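One structure is given here, and the rest of the page talks about it.
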Amino acid sequence: MKIKKLPLVVLLILLVPAATYIGMYPNITCKPSQAGFWIIIALGMAIGVSLTMVIQRIRAKNNTTEAA
């Protein structure tokens with residue numbers, strides 16, 4: 001993946017679960033048998049993946065500047 005596309009990828013990863021959460025907010029209960037519970041879990045996973053991608057980009061950028 002090119003470095004320039006990373007912000008777009010991170011935005012898309014966060015946008016879908018966040019939009020679903022906002023759209024279904026009145027119907028969400030925290031029972032595992034309800035779909036809203038799983039939307040909250042998916043939103044947490046999306047945040048984790050996005051943070052990991054940003055951290056990896058920062059580390060790669062720092063390693064490149066130190067090696068030069």
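The values are calculated or read from the model by the stated rules, or taken from the named source; none is laboratory data. The structure displayed is predicted, hence computed values, not measured ones. Ideal geometry is used to build each Cβ from the backbone, glycine not excepted, and the neighbour counts take in all protein chains shown.
Looking at Met53, Met24 in this structure, which one is surrounded by 12 or more Cβ atoms within 10 Å (Cβ to Cβ) and either more than 13 Å from the chain's Cα centre (by Cα) or acidic (Asp, Glu) (or both)?
After ruling out the rest, the residue left standing is Met24.
Every residue, every condition in (1) surrounded by 12 or more Cβ atoms within 10 Å (Cβ to Cβ); (2) modelled with pLDDT under 80, yes or no:
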| residue | (1), (2) |
| --- | --- |
| Ile3 | no, yes |
| Val10 | yes, no |
| Phe37 | yes, yes |
| Gly44 | no, no |
| Arg57 | yes, no |
